[in-house]
1. Taking segment 27-51, which residues are of a type in the set (S, T, N, Q) and either surrounded by 12 or more Cβ atoms within 10 Å (Cβ to Cβ) or part of a loop (DSSP other than H, G, I, E, B) (or both)?
2. Please work out which residue is modelled with the highest pLDDT, limiting yourself to segment 185-212 and to residues that are in a loop (DSSP other than H, G, I, E, B) and under 18 Å from residue 162 (Cβ atoms).
3. Working only within segment 49-79, note down all residues that are touching a residue at least 12 places away in the same chain (Cβ under 8 Å) and closer than 21 Å to residue 17 by Cα.
4. Looking only at residues in segment 47-71 that are of a type in the set (S, T, N, Q) and at pLDDT 85 or above, which one is nearest to residue 97 (Cα to Cα)?
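The values are calculated or read from the model by the stated rules, or taken from the named source; none is laboratory data. Not measured: the values here are computed from a predicted model. Here the Cβ is made from the backbone with ideal geometry for all residues, glycine too, and neighbour counts use every protein chain on show.
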Amino acid sequence: MDDSADKNGTQPVTLRSIVNENDTKWGRVFELFIQFLIVVSLVTFSIETLPDLSDSAQMWLRYIEIVTVIFFTLEYLLRLFLAEKKPKFVFSFFGIIDLLAILPFYITTFFLSTSLDLRSVRAFRMLRLFRAFKIIRYSKAISRFHHALLIAREEIILFLIVTIMLIYFSAVGIYYFEHDVQPEKFKSVFHSLWWSVSTLTTVGYGDIYPVTIGGKIFTFGILLIGLGIISVPAGLVSSALSKAREMDD
């Protein structure tokens, strides 16, 4: 038996196990508490955008924001303190997300409290949305999805390269079909790229469309290719997810 285990054979509760392990009782409590704060923070962020909020409502929203940021800051500092390789944690995906979750509060608090006209700094408030990504840390499904992307990485990269080539080729094709009759809409190959993207993704906004017979036939072919563009990556990811699920089992 491990010397660090107690008499009942269970591992002792440590700060590291609470913060970094969600398969223990207190680890799950910590996980659920942080997720609850994330939801609260996102809800208050949305409420702040409502017009004609009373002063008392704004005050309470501010208090809630301060409390949630305090806990998020403590969480970040704890993870940094417990990390074996601190620089690796700071520059990791989750380390950056955790920092972006609290950074807007401190930027807007310290800069907007000055007499300088720094209203543009308020744009940093939008970064509070990164708190939603903190939930990813606790999702096993996201972990499987990450493994699936690694499995199908080469196929996805090849597919993206082919897709970019098709967007360019279709822009060139529609330019030659439509430029003479619609010089304002299809001024160049670069202007035609918007049509290529909306057509290949089968969105078809309708703001730019062909009027010549050749252009319509060409568009029909591009639409058929677009259907394949949507289905191919879905199949790749679905197959890779099945493999990732088998690996977890």
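1. First pass over segment 27-51, keeping only residues of a type in the set (S, T, N, Q): 35, 41, 44, 46, 49.
Answer for segment 27-51, where residues must be of a type in the set (S, T, N, Q) and either surrounded by 12 or more Cβ atoms within 10 Å (Cβ to Cβ) or part of a loop (DSSP other than H, G, I, E, B) (or both): 35, 41, 44, 49.
2. If we filter segment 185-212 for residues that are in a loop (DSSP other than H, G, I, E, B), which is where we start, we get 185-188, 201-212.
Going one step further and asking which of them are under 18 Å from residue 162 (Cβ atoms), we end up with 201-202.
Details: 201: 80, 202: 75.
Among those residues, the one meeting the criterion is 201.
3. Of everything in segment 49-79, those that are touching a residue at least 12 places away in the same chain (Cβ under 8 Å) and closer than 21 Å to residue 17 by Cα turn out to be 71, 72, 73, 75, 76, 78, 79.
4. Taking segment 47-71 as the starting set, the residues that turn out to be of a type in the set (S, T, N, Q) are 49, 54, 56, 58, 68.
With at pLDDT 85 or above added as a condition, the list becomes 54, 56, 58, 68.
On the way: 54: 32, 56: 31, 58: 26, 68: 15 Å.
Here the residue is 68.
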